[in-house]
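Report on the following structure.
The values are calculated or read from the model by the stated rules, or taken from the named source; none is laboratory data. Because the structure is a prediction, the values reported are computed rather than measured. Backbone-built Cβ (ideal geometry, glycine too); neighbour counts: all protein chains shown. To get the accessible areas, we keep the full protein, side chains included, count just its heavy atoms, and leave off ligands, DNA and RNA. Shrake-Rupley method; radii C 1.70, N 1.55, O 1.52, S 1.80 Å.
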Amino acid sequence: MLEKVAWINLLFDFYGQLLTDRQKNFTELYYGQNLSLGEIAGEFDVTRQAVHDTLKRAGQLLEEYEVKLGLVEKFLAERDKLLEAVSLLNEYKTTGEAGKVLHASEILNEILELSLSAD
């Protein structure tokens, strides 16, 4: 799995708008801009513990949204399939093996079907 900072940032990209303004601000500053708890506390005139608690709750909410909605998991699966299709097409360019194009086409069709079934 991704490292924690990258994972939280990815969750934040998908579900950040569902957080409160305070949770969004603290999460962006801590995970996005790498500010310390103390720096954030000073900027918002709160305690470090308040920042920590807010970040912990925001992280829990982001994780809960992913469990319920699964958008990040779907995105990562589609990305992996696209990378596989690109790899197959690149192999086709060097080998001329038609089976590579067929397999890449099947993968792309799977992705298309998944995205259409979500609508």
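A few comments on the model shown:
- Share of carbon and sulfur in the accessible area of the stretch 1-85 stands at 52%, probe radius 1.4 Å.
- Protection proxy ranking of 88-95, 8-15, by the mean of other Cβ atoms within 10 Å over each peptide's residues and highest first, is 8-15, 88-95.
- Long-range HN-HN contacts of residue 35 with modeled amide H, under 5 Å: 30
- Estimated distance in nm for a label pair at residue 33 and residue 97, the labels positioned 7 Å out from Cα along Cα-to-Cβ: 5.1
- Here's the picture: charge each Lys and Arg Cβ at +1 and each Asp and Glu Cβ at -1 in the chain, and of 35, 109, 92 the one pushed furthest to the positive end of that dipole is 35.
- Total lysine pairs in the chain at Cα distances under 21 Å, for residues eight or more apart or on different chains: 9.
- Ordering 19-27, 106-114 by mean Cβ neighbour count within 10 Å, with the highest value first, yields 19-27, 106-114.
- Per-residue ellipticity at 222 nm from helix content only, as computed over the chain with -39500 (n - 2.57) for each DSSP H run of at least four residues, stands at -26000 deg cm²/dmol.
- Accessible surface calculations at 1.4 Å, restricted to protein heavy atoms, place the chain at 66 Å² per residue.
- Mean-position separation - Cα centroids, the stretch 77-101 and the stretch 43-58, in angstrom: 46
- In this simple spin-label model, placing a label point 7 Å from the Cα along the Cα-to-Cβ direction at both residue 84 and residue 20 gives a separation of 4.3 nm.
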